[in-house]
Amino acid sequence: MKKIFIILFLFTISLFSQTNNSNNFVGQYSLQEYQNGVLNSRVVTNPELYNSDYHQSYSIPAPLTATSNSSAVRWSYTDPVSIGTYCAESGTGLRSVVGWYLNNMRSQSHGNTNNTPLWTYTLPNASTYNYVAISASGSRVADGYYHGIYLLNGDSGTVIYNFDVTTMLGTAQSGPVGITRSGDFVIGCVNATSASDTSWVLGFAGSSPSMVWRFKSPPGTGGSGIQGVKFSGNDSVVIINAYLSFWVLRTYTGQILYSGSVNPSGTSGTQMPQAISGNGNVIATINYNGYVRVYQWSGSTYNFLWQYQEPPGTYYNWMSSVDVSYDGSLVAIGTLNFITSSTYDGKVKLFSVAGGSIPIMKYSGCGDEVNAVTFSRNGKILSAASWGNYVHLTANNLLIFKTSHTDSIPQFAVNSTGSFYCCGISDDGTTVIGSGKAVHARQFGSGGILYNVYVDTSEGSVGIGNPGSRIPSVYRLEQNFPNPFNPSTQINYDLPKEGFVKLTVYDITGSEVQKLVNSFERAGRYSVVFSPENLASGLYFYKLEASGFVETRKMILIK
């Protein structure tokens with residue numbers, strides 16, 4: 001999330017790397033302090049090159065056909081000068097909060113009826129990130145902004161307390177915050193602004209700003225302070241991460257249960273929060289070398305289960321967001337894919353924890369970075385927030401999926417004129433909110449967006465195709481639609497069993513134009529979008545090859 005705002009002013013993607021990758025420490029304490037810590041950081045303004053001859057192509061989808069269910073945008077809100085950095089939805093789905101940034105800094109609460117704020121709390125005018133979290137009922141809101149860690153009354157927006165982080169470190173600023181579902185405990189971060197200092201994580205109980213525990217990040221954990229705070233669904237433990245390292249702590253004591261590296265094989269970390277299941281038994285970490293790593297609690301430690309890497313092209317592609325379902329059975333990830341150093345795409349992928357590193361659902365063509373993925377508490381709905389395609393013509397950027405449907409077709413999607421940075425979801429999945437910027441994240445300009453979406457979670461509803469048919473009975477390659485087409489067309493195919501799949505486009509001479517799919521696929525229904533940029537008008541062929549099945553169809557490009 002933080003790299004978003006660097007883009008606004010520098011027109012680059014910045015991330016922090018660490019020359020010292022050590023994070024070795026042992027012990028379980030309610031108060032853990034490491035003295036004389038030094039943070040050494042460097043700025044990387046380009047994606048990291050991947051040393052391989054392997055190259056992968058990506059495509060951008062056409063706008064989705066409207067689904068035949070009752071999912072709909074309840075309301076949207078546009079701010080003329082501020083950007084919606086972080087947002088959160090209560091478990092009840094009746095109240096949300098958004099942190100506005102850049103201009104007219106404030107935290108703002110909304111209900112479902114209309115876009116009129118229920119309350120607004122004005123914050124000091126400072127160019128720092130505005131982190132927000134909300135309790136399950138919506139009665140308490142935590143806010144991390146500038147020099148304060150705030151606890152607000154969720155009904156009125158009045159301040160219950162404000163902890164001044166400069167009392168911990170004179171040059172510090174507030175970092176990410178988290179709040180338990182009951183609203184009885186807040187975790188806030190004190191992020192150092194100097195490379196000579198390390199950052200703190202603080203635990204507060206009840207309605208008092210007196211610390212129950214504090215944790216000082218060890219040296220070698222990476223620059224730019226604490227990046228994420230995420231509670232388990234039952235609030236017993238919390239996963240906290242810096243750029244290079246992560247820790248699992250007991251919520252109410254700060255006791256360290258586990259520590260690790262987000263990238264054991266490299267120095268490219270992450271500026272995004274990590275993920276944890278409802279009971280804390282499953283955790284997932286991501287990094288900018290494109291890996292998601294999944295661990296499971298054994299009763300005494302977290303054991304590594306499996307990892308998946310988003311296949312690199314010329315550059316390493318990023319894992320840019322991650323979540324674990326409440327029951328620990330599913331992991332969702334969002335990516336940022338570098339087609340070149342300055343052209344992008346993004347994907348959403350779903351994994352079964354028990355099934356390992358082969359995705360059970362893949363949605364391609366988000367246009368740019370997928371900045372957030374979030375499961376509903378019941379695990380039925382997955383929401384994803386993406387920056388979307390730069391021209392906003394071909395990529396939906398607030399996506400909502402049913403996890404029981406592995407056909408890669410969203411239940412509902414919003415194609416906004418801006419970029420979504422964050423999304424929140426109710427326990428039952430019927431309410432999804434998304435906040436972001438009114439113009440594309442890579443475009444200079446201000447203004448923000450906030451959407452509230454009603455989601456039809458009934459299993460009887462049907463989207464594009466037929467999600468009710470989970471596993472096709474026969475192989476099938478459908479005629480592309482539209483045809484003739486310009487600028488893009490969608491190709492659907494069915495796989496009755498898993499296997500290696502190739503979907504290739506050829507010109508009229510039989511020469512290969514583009515390989516759309518070249519990977520192992522599970523049984524299911526798939527959609528791929530072909531968006532040629534440098535091809536002339538004319539007749540083309542696309543061929544599907546899968547487990548001995550081969551079929552070829554014609555399509556016509558008109559420019």
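Using packing as a proxy for protection, rank 508-521, 127-140, 180-193 so that the peptide with the highest average count of other Cβ atoms within 10 Å comes first.
180-193, 127-140, 508-521
Across 10 Å bins from the origin, how do the percents of Cα pairs in region 156-306 run, short distances first?
Percent of pairs per bin, in order: 11, 41, 35, 11, 1.
Please compute the Cα-Cα pair-distance distribution of region 123-201 with 5 Å bins starting at 0, giving whole percents from short to long.
Going out from 0 Å in 5 Å bins, region 123-201 shows 3, 18, 26, 24, 15, 8, 3, 1, 0 percent.
Place a label point 7 angstrom from the Cα of Gln443 along the Cα-to-Cβ direction, then list the residues of region 395-433 whose backbone nitrogen is under 18 Å away.
In region 395-433, the label zone of Gln443 (backbone N under 18 Å from the point 7 Å along Cα→Cβ) covers 395-398, 414-422.
Can you pick out the pairs among Lys362/Lys502; Lys402/Lys554; Lys349/Lys380; Lys362/Lys559 whose Cα atoms lie more than 22 Å from each other?
Result: Lys402/Lys554; Lys362/Lys559 exceed 22 Å.
Along Cα→Cβ, 7 Å out, is where each label goes; now give me the distance between the ones at Asp428 and Asn378 in nm to one decimal.
Distance between label points: 0.7 nm.
Computed over the Cα atoms, what is the radius of gyration of region 476-557 divided by 2.2 N^0.38 Å, N being its residue count?
Scaled against compact globular proteins, the figure is 1.04.
How compact is region 217-348 by the rule of thumb for globular proteins, expressed as Cα Rg over 2.2 N^0.38 Å?
Scaled against compact globular proteins, the figure is 1.03.
Per residue, what volume in Å³ does the Cα convex hull of region 159-219 take up?
Normalising the Cα hull of region 159-219 by residue number yields 81 Å³.
Between Gln514 and Asn115, what length comes free when the chain is fully extended (0.36 nm per residue of separation minus the Cα-Cα distance, one decimal in nm)?
Using 0.36 nm per residue and subtracting the Cα-Cα distance, I get 139.2 nm.
With each pseudo-label sitting 7 Å past Cα toward Cβ, what's the Ser194-Asn234 distance in nm, one decimal?
About 4.4 nm separates the two model spin labels.
Which order do the peptides 384-390, 88-94 come out in when sorted by mean C-beta neighbours inside 10 angstrom, highest first?
Ranked by mean Cβ neighbours within 10 Å, highest first: 384-390, 88-94.
Relative to the present Cα-Cα distance, how much length would full extension add between Lys543 and Gln307 at 0.36 nm per residue of separation?
81.8 nm
How many nm is it between the label spots at Lys559 and Thr171, if each spot is 7 Å from the Cα in line with the beta carbon?
It is 5.3 nm.
Can you tell me the FRET efficiency between Thr78 and Thr343 if r is taken as the Cβ-Cβ distance and R0 is 25 Å, rounded to the nearest 0.05?
Using R0 = 25 Å, I get an efficiency of 0.35.
Would you mind estimating how fast region 90-168 diffuses translationally, via Stokes-Einstein at 25 °C and 0.890 mPa s with the Kirkwood radius over Cα pairs, in µm²/s?
Here the translational diffusion coefficient equals 194 µm²/s.
If you stretched the chain out fully between Arg476 and Ser207, how much longer would it get, using 0.36 nm times the residue separation minus the C-alpha to C-alpha distance?
Using 0.36 nm per residue and subtracting the Cα-Cα distance, I get 90.8 nm.
Between region 197-259 and region 270-295, what is the separation of their alpha carbon centroids in Å?
Cα centres, region 197-259 to region 270-295: 15 Å.
Test of understanding: ordering Tyr421, Tyr146 by Cβ neighbours within 10 Å, fewest first, what list do you get?
By the 10 Å Cβ count, ascending: Tyr146, Tyr421.
Going by how many other Cβ atoms sit within 10 Å of their own, how do Phe549, Phe420 line up, fewest first?
So the ranking, lowest neighbour count to highest, is Phe549, Phe420.
Taking the number of other C-beta atoms within 10 Å as the exposure measure, put Thr120, Thr340 in order starting with the fewest.
In increasing order of surrounding Cβ atoms, one gets Thr340, Thr120.
Readers should treat all values here as calculations from the given coordinates under stated rules, not as data from a laboratory. A quick note: this is a predicted structure, and the numbers were derived from the prediction, not measured. Heads up, the Cβs are rebuilt from the backbone with ideal geometry, glycines too, and the neighbour counts pull from every protein chain shown.
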